[in-house]
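Single-structure report; data block below.
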Amino acid sequence: MAVVIGWDIGGAHVKAARADDGRLTAVVQIACAPHESVASLEQALRDARAALGAAERHRVTMTAELSDAFESRARGVVTVAAIAAREIGVPDILFYAGERGFISRDEIGAHVDAVASANWRASAEFVARHCAEALFIDIGSTTTDLAPICAGRVAALGASDAERLAYGELAYAGFSRGAPQAYAARAPIAGRWTPLVNEAFASMADVRRVLGDLPEGETDADLSLTADGRPKTVAASRARLARMAGRDAAELRDAQWRAFAQYLARAQLHAIEDQMALLESRDALAFDAPIVGAGVGRKLAARLAHAQGRTFIDFADLIAAPPASAASAANCAPASALALLEVRSV
């Protein structure tokens, strides 16, 4: 039996997916904070390895090199690769280098730019094998990846984060992490336009929780600490959002805070729609191309598809996996894709 584990090593989570003979059988996601301590990344890898069991082959992609734990992205790639090789501890470990396919650890030094933050392309390559024309949108906890698929090939222009940001293929607009005021400098509150306080009082998770898009308590979609260390409840989220307007939650009715959260959610969605418009402006997206959604925020991708009259395809429906694992596999699309892709090393 061929067993492959795909790894997506990020700056906030380690995600891993196990495939047995081309069928996903287990997926795990573990929070980490390498910017606070590289040891947390090492521990997350150990925990994931223990949860998924032994495997013959391991395929790795990463975004953790962006962590300010490292003095440069290049140094981060080399360091994360070394940590992964040590903690995974098997001979057959390869690193995903985008269009180059898989490379050995010894080759990383010469190809750090290809390895850095290439996780989006692994997912897009997987989608391209199932959809000749599509827009792949992966809305994770922190960012949104947008990759056009044309004639069964990934048609993205950017490779690095800097290029992808400029081409509209990457947006720092995540489902649960990040600051709501990144998308709106002011908001209508109690009948007045109110400038928002630019402090880390709340996160998009608070917006989602108030709107009912995120349940109370810990979930895979929100493994980060709250801004004030208080609970992940609707009431506590309202209080955190209220501080952004210089208020206490008790000053307004719950419906008014919900309206505030709805405004912030729409502002973030507009930011993603703007990136889609940029892709459309260069003719990278067929008018009838479906949207394939992945990530913990893929329900937002479904809303975008509906608003544009496009068909929505859930990444989970493209994966051979038990129903109980399919949703988790779609949440961790790059790891799942690496476990299933058969890309020849070059």
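The values are calculated or read from the model by the stated rules, or taken from the named source; none is laboratory data. Predicted, not measured: the structure shown is a model, and the values here were computed from it. When we count neighbours, we look across all protein chains shown, and the Cβ atoms used for this are built from the backbone with ideal geometry, even at glycine. Ligands, DNA and RNA are excluded from the accessible area calculation, which covers all protein heavy atoms including side chains. Shrake-Rupley method; radii C 1.70, N 1.55, O 1.52, S 1.80 Å.
Data for the structure
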read-out	value
Förster radius 56 Å - calculated FRET efficiency between residue 56 and residue 194 (Cβ-Cβ, nearest 0.05)	0.45
Hydrodynamic radius (Kirkwood) for the stretch 7-83, which is based on Cα pairs only, to one decimal in Å	12.7 Å
Three principal axis lengths of the chain [C-alpha, angstrom, descending]	61, 46, 39
Using θ = phi - 60° and Karplus 6.51 cos²θ - 1.76 cosθ + 1.60, couplings along the stretch 13-21 (whole Hz; Gly, Pro as x)	9, 9, 10, 9, 9, 10, 10, 10, 6
Dimensionless Rg/Rh of the stretch 154-310 - Kirkwood Rh, Rg from C-alpha atoms	1.00
Rounded accessible area per residue of the stretch 189-346, 1.4 Å, Å²	46 Å²
Rounded Å value of the spacing that divides the Cα centres of the stretch 244-311 and the stretch 178-200	16 Å
Gyration tensor (alpha-carbon) shape descriptor, the stretch 12-159, a/c threshold 1.5	prolate
Length added when fully stretched, residue 216-residue 185, from 0.36 nm per residue minus Cα-Cα	8.4 nm
Among beta bridges that DSSP assigns inside the chain, antiparallel share in %, nearest 5	65 percent
In Hz, Karplus ³J(HN,Hα) per residue of the stretch 243-257 (6.51, -1.76, 1.60; θ = phi - 60°; x = Gly, Pro)	5, 5, 9, x, 10, 9, 4, 5, 6, 10, 6, 4, 5, 6, 5
Helix axis angle, 119-128 relative to the chain longest principal axis, alpha carbon, degrees	80 degrees
CD proxy at 222 nm, helix term only [per DSSP H run n ≥ 4: -39500 (n - 2.57); per residue of the chain; nearest 500]	-11000 deg cm²/dmol
Mean accessible surface per residue for the stretch 131-180, computed with a 1.4 Å probe while every protein chain stays in place, in Å²	32 Å²
Dimensionless Rg/Rh of the stretch 75-119 - Kirkwood Rh, Rg from C-alpha atoms	0.92
Carbon/sulfur fraction of accessible area - the chain, other protein chains in place, 1.4 Å, %	51 percent
